[in-house]
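Trainee: Pasting in a structure now, in structure tokens, and then I'll have a few things to ask.
Read-outs throughout are calculated quantities, based only on the coordinates presented, and are distinct from any laboratory measurement. Everything numeric here is computed off the predicted structure, so don't read it as measured data. Every residue, glycine as well, gets a Cβ built from its backbone with ideal geometry; the counts of neighbours run over all protein chains shown.
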Amino acid sequence: MMKKIALGLVATAALAVSGLAHAEDFNPAIVFDMGGKSDKSFNEAAFNGIEKFKKETGVDYMEFEVTQVSQREQAAQRMARDDADIVIAIGFAQAAAVEKAAKKYPDTKFTIIDMVVDLPNVQSVVFREEQGSFLVGMAAAMASETGKVGFIGGMDIPLIRKFALGYKEGVMYADPNAEVIENMTGTTPAAWNDPTKGSELAKSQYDRGADVIFAAAGATGLGVLQTAADEGKLAIGVDSNQNYLHPGSMLTSMMKRVDVAVYNALMTAKDGTWKPGIQVLGLAENGVGFAVDQWNKDLLTEEMVAKLNAAREDIIEGKIKVTNYMDQ
Amino acid sequence: METFHIIILLMDATFRVATPLVLAALAGMFSERAGIVDIGLEGKMLGAAFAAAAVASVSGSAWVGLGAGIMASLALSALHAYACVTHKGNQVVSGMAINIVVAGLAPTLAYAWFQMGGQTPSLGGDARFRSIDLPFSDAAREIPVFGYIYADLISGHNILVYLAAAAVPICAWILYKSRFGLRIRAVGENPHAVDTAGISVDLLRYKALAVTGFLCGISGAYLSTAHGAGFIRDMTAGKGYLALAALIFGKWRPVPTLFACLLFAFTDAVQIRLQGVELPIVGVIPVQFIQALPYILTVLLLAGFVGKAHPPKAIGTPYIKER
């Protein structure tokens, strides 16, 4: 019986991984991390990027959504074994898996988002989150009436501390007397996927007087945004443009253009200009930014947008220095 | 005033977090007092959370969702009863099996039905239980202390929180004052005596597990349609086990169990509040330590203050007539 179940599992896993069409010459693959491709945030941005590529070129791709820690390594290696030309790994947590797979399959190209893996066949794309967070921090301070704003992070890791620090500096830049209330959801990967906890944290921050909260917490953030809508307060989304989720309570979203990074990696790999090494995408490269659209145009006034754009120029020119948490 | 305000807010959060624990612990109480170990609370809650969110998102009504959650939990409870009452199976194994099946099945069904990576769409409007303001809460806010407590602490929760509060005295009454409750307690202590009196042990245990399923259903629906807004993979996050711990902590009695649940919820609320706050003398405490606090406290309390807990005598053993 156990054997049968095990066989069944292997078969389903194989089906899930191998996906569709192999007919094309170019064979890309993507491994989403926990949270899944429809987390309305980080992974979904990557999904949008590869979907855009598929629409424009007609090239189909293999995909895998990691649901357990142990699957990461299997997924990356499986894609490489199935003759993927390029494997795109989404998320810092896949670094170890990518490193192993890249050593084992030196002819396969790997692109990892959000983490640096130093190997000759790996391209590492990292973002200057602190710059985007700085701008939304400014927006939060300008929109706040109480002079208190909040930050809710997902798992307590340096990457999220980087968001937090940039945000804090942005708040202080716009309003030196402001206070930032900071919370982390947890210390395990489960912290990315706990919207009720996010909602409790948000309630607690609003109760303490904050009226704008920036959530950098994956699917946990959905609980924060929901609470903002319930309480009639403001929230700032992350990674994808999340403004449409709760029009009227979304001040803006800190966009991390994972979609652009994924799309560019695929396009360059297809036309042969793909290069290994580290790519850093900041404000200057339009890799990060803040979202303005029809959903938040009443909340983010033109005056604020003008100030944010001015600060954006200053950061690009180096007139404003934003500290990178990793460099401290 | 500032301290008072903080305490009120902490209590407010405590009520919200305690609600699913209280309902699940009461659910477990009926099952365990009737002599059936129920570690399947977690799975039943998760199943109910999924059914409630899925049906609420399709029908647009939180009440229909609640009904579906209760039905799902009742079905799982019936499965548990069928395995360990009718077929005298091992109760721990059956409960664990339910947990594992639901943990896999719910996201799979969600994936198949909604194509959103194992989640249901997020719920809004009438598909969620909204917080309700009790009458006169705005006027009462002006009255110092008591009015403030009424307006900020007692008013402004959703209906399921009040339901959980009402469930404690109702369950206590059923268990200690009604004929049904007497028989439940008897069947958990000495099923042979119950059988000798001409009452069907199996039927009683089925009934007890139906009550368990009903309460667990409300608890699960609370997670996905009242406290949260949609189903997410593994969203119970161990609350079923925590409720079971509270039940043992409360020595299988309704009121002490309620306090155990409140204590667990309170440590969670404090944990959220203490993060990044500068305390006198010690300064800022690391997040990791703060987050371990509820567990440390639980271990200390369980080890030091609870004393000997007497489980129902016949718990865990299937009833076989001709022994």
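Trainee: Roughly what angle does helix A:195-207 make with the longest principal axis of chain A, taking Cα atoms, 0 to 90 degrees, to the nearest 10?
Mentor: Here the helix axis deviates by roughly 10 degrees.
Trainee: At what distance in nm do the modelled label points of B:Phe289 and B:Leu105 sit from each other, each positioned 7 Å from its Cα along Cα→Cβ?
Mentor: 4.5 nm
Trainee: Sort A:255-267, B:45-57 by packing, meaning the average of other beta carbons within 10 Å per residue, with the highest value first.
Mentor: Highest-to-lowest ranking by the protection proxy: B:45-57, A:255-267.
Trainee: What residue among B:Ile296, B:Ile281, B:Ile132 shows peak mean-square fluctuation when chain B is described by a Gaussian network model with Cα springs under 10 Å?
Mentor: Of B:Ile296, B:Ile281, B:Ile132, the Gaussian network model singles out B:Ile281 as fluctuating most.
Trainee: Please identify the chymotrypsin sites (Phe, Trp or Tyr not before Pro) of region B:240-321 that satisfy two criteria: DSSP loop assignment and at most 10 other Cβ atoms within 10 Å. Which are they?
Mentor: B:Phe305
Trainee: Excluding residues on the same chain fewer than 8 positions from A:Lys103, give the lysines whose Cα lies under 16 Å from its Cα.
Mentor: The qualifying lysines are none; the list is empty.
Trainee: So what is the relative contact order for chain A, in percent, with contacts set as C-alpha pairs under 8 Å and at least six apart?
Mentor: 18 percent
Trainee: Sticking with this structure for a sec: Once you treat every alpha carbon in the protein assembly as shown as an equal point and sum by Debye, what is log10 I(q)/I(0) at q = 0.08, 0.09, 0.11, 0.12 Å⁻¹?
Mentor: Cα-only, vacuum Debye calculation for the protein assembly as shown: -0.64, -0.80, -1.13, -1.28.
Trainee: Which of A:Asp107, A:Asp211, A:Asp39 moves most in a GNM of chain A, Cα contacts under 10 Å?
Mentor: Sorting by GNM fluctuation, first place goes to A:Asp107.
Trainee: For A:Gly137, what is the net charge nearby, where nearby means another residue's Cβ is under 9 Å from its Cβ and Lys, Arg count +1, Asp, Glu -1?
Mentor: 0
Trainee: Continuing with this model, one more query. Let me check against my output: what whole-number percent is the relative contact order of chain B, with C-alpha pairs under 8 Å and at least 6 apart?
Mentor: Working: 575 pairs, mean separation 109.9, N = 323.
Once normalised by length, the contact order is 34 percent.
Trainee: How many percent of DSSP beta bridges within chain A run antiparallel, rounded to 5?
Mentor: Working: 3 of 45 bridges.
Roughly 5 percent of the beta bridges in chain A run antiparallel, per DSSP.
Trainee: What does the average come to when, for each residue of peptide B:265-271, you count the partner chain Cβ atoms lying within 10 Å of its Cβ? Please report the intermediate quantities before stating the final value.
Mentor: Numbers: counts 0, 0, 0, 2, 3, 0, 1.
Average neighbour count from other chains, rounded to a whole number: 1.
Trainee: How about B:Lys239: which aspartates and glutamates have a C-alpha closer than 16 Å to its C-alpha, ignoring those fewer than 8 places off in the same chain?
Mentor: Filter leaves A:Asp194, A:Glu200, B:Asp38, B:Glu42, B:Asp268.
Trainee: Continuing with this model, one more query. Just for the Cα atoms in chain A, what are the lengths along the principal axes, largest first, rounded to whole Å?
Mentor: 60, 50, 38
Trainee: When the chain is fully extended, how far beyond the present Cα-Cα distance does B:Tyr241 get from B:Lys313, taking 0.36 nm per residue of separation?
Mentor: Details: separation 72, 0.36 × 72 = 25.92 nm, distance 2.13 nm.
Gain on extension, B:Tyr241 to B:Lys313, equals 23.8 nm.
Trainee: Excluding same-chain residues fewer than 8 positions from A:Lys297, which lysines have a Cα within less than 18 Å of its Cα?
Mentor: Cross-link targets: A:Lys233, A:Lys307.
Trainee: Loop-only GluC sites (Glu not before Pro) in region A:92-181, please: DSSP not H, G, I, E or B, and at most 15 other Cβ atoms within 10 Å. Mind dumping the intermediate values first?
Mentor: Working: sites: A:Glu99, A:Glu129, A:Glu130, A:Glu145, A:Glu169, A:Glu179; in loops: A:Glu145.
Taking region A:92-181 and a limit of 15 other Cβ atoms within 10 Å, the loop GluC sites (Glu not before Pro) found are A:Glu145.
Trainee: Quick one: work out the % antiparallel among DSSP beta bridges in the protein assembly as shown, nearest 5.
Mentor: Expressed as a percentage, antiparallel bridges in the protein assembly as shown total about 15.
Trainee: Counting only other chains, and only Cβ atoms inside 10 Å, what mean value do you get across the residues of A:190-198?
Mentor: Taking all residues of A:190-198 together, the mean is 5.
Trainee: Do the alpha carbons of any pairs in B:Lys251/B:Lys321; A:Lys162/B:Lys44; A:Lys54/A:Lys168 sit beyond 31 Å of each other, and which pairs?
Mentor: A:Lys162/B:Lys44; A:Lys54/A:Lys168
Trainee: Between helix A:95-104 and chain A, what is the angle of the helix's C-alpha long axis to the longest principal axis, kept within 0 to 90° and rounded to the nearest 10?
Mentor: Around 30 degrees separate the two axes.
Trainee: Roughly what angle does helix A:2-18 make with the longest principal axis of chain A, taking Cα atoms, 0 to 90 degrees, to the nearest 10?
Mentor: 70 degrees
Trainee: Another question, if that's okay. Quick one: if you stick a label point 7 Å off each Cα along the C-beta vector at B:Asn190 and B:Ala139, how many nm between them?
Mentor: 5.7 nm
Trainee: Right, another one. Take each complete run of DSSP H in chain B, measure how far its Cα atoms stretch along the helix's own axis, and keep only those covering 24 Å or more with mean Kyte-Doolittle hydropathy at least 0.5; list them.
Mentor: Going by DSSP H runs, the hits are B:2-33, B:41-59, B:62-81, B:91-114, B:159-177, B:201-221, B:254-274, B:287-304.
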